[in-house]
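Trainee: I am attaching a structure below and will ask some questions about it afterwards.
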Amino acid sequence: MRLGIKMKLSEISYNHVAGVPFAIRLHKDSIRKHVFRVYRFSPDINLAEEIAPQLSRKIRKLTPYNSTGYETILLLESSDIALMNDTIMCEAVQAALPRVKKPHPDHIWYADTSMPEIEFSLIKNI
């Protein structure tokens, strides 16, 4: 893929590339002249604060089942290949759960739907 971007050695450039829904940072390697690196940085947000209200809303829907003895499962999903992975989601959920009214679900799973093969990760187990 040709980007049509001319860069000097060791130059760093922030760019918007057609078809890429976010800005990328390019760095032209100073040693290997035909190599450049592509970077994507996440916005400066506290994900735990962002998802706590959403977790509360979802968990509240499970409360009638949890309180009557059913085993409850909450499945969280993201298709954001650039900014999300199971570790980031797990850390955010673990930080957000203390802010969410109990009872919490028995199990919380994360589904990464950014690729054709969906990957599931266990975030919380009883």
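The values are calculated or read from the model by the stated rules, or taken from the named source; none is laboratory data. Treat the numbers as computed from the prediction; the structure is a model and nothing was measured. Virtual Cβ from ideal backbone geometry, glycine too; neighbours counted across all protein chains shown.
Trainee: Of all residues in the range 66-82, how many are of a type outside the set (Asp, Glu) and exposed (fewer than 15 other Cβ atoms within 10 Å of the Cβ)?
Mentor: The total comes to 9.
Trainee: Inspect all residues belonging to the range 88-95 and state whether any of them is surrounded by fewer than 16 Cβ atoms within 10 Å (Cβ to Cβ) and more than 14 Å from residue 50 (Cα to Cα).
Mentor: Residues of the range 88-95 that are surrounded by fewer than 16 Cβ atoms within 10 Å (Cβ to Cβ), as a first pass: 88, 91, 94-95.
From what's left, more than 14 Å from residue 50 (Cα to Cα): none.
No - not one qualifying residue is present in the range 88-95.
Trainee: Do you know which of the residues in the range 99-120 that are over 28 Å from residue 68 (Cβ atoms) and assigned to a strand (DSSP E or B) is farthest from the chain's Cα centre (by Cα)?
Mentor: The selected residue is 119.
Trainee: Residue 106 - would you say it is closer than 30 Å to residue 20 by Cα, of a type in the set (Asp, Glu) and not assigned by TED's automatic domain parsing to the domain that holds residue 24? Step through it out loud before you land on a result.
Mentor: On the way: closer than 30 Å to residue 20 by Cα: no; of a type in the set (Asp, Glu): yes; not assigned by TED's automatic domain parsing to the domain that holds residue 24: yes.
Against the criterion (closer than 30 Å to residue 20 by Cα, of a type in the set (Asp, Glu) and not assigned by TED's automatic domain parsing to the domain that holds residue 24), residue 106 does not qualify.
Trainee: Another question, if that's okay. Confirm whether residue 100 is surrounded by 15 or more Cβ atoms within 10 Å (Cβ to Cβ), at pLDDT below 75 and of a type in the set (Val, Ile, Thr).
Mentor: No, not satisfied.
Trainee: Something else now. Report yes if residue 102 is of a type in the set (D, E, K, R), closer than 19 Å to residue 49 by Cα and without any contact (Cβ under 8 Å) to a residue 24 or more places away in the chain, otherwise no.
Mentor: yes
Trainee: State the number of residues belonging to the range 46-98 that are in a loop (DSSP other than H, G, I, E, B) and of a type in the set (Gly, Ala, Ser).
Mentor: 3
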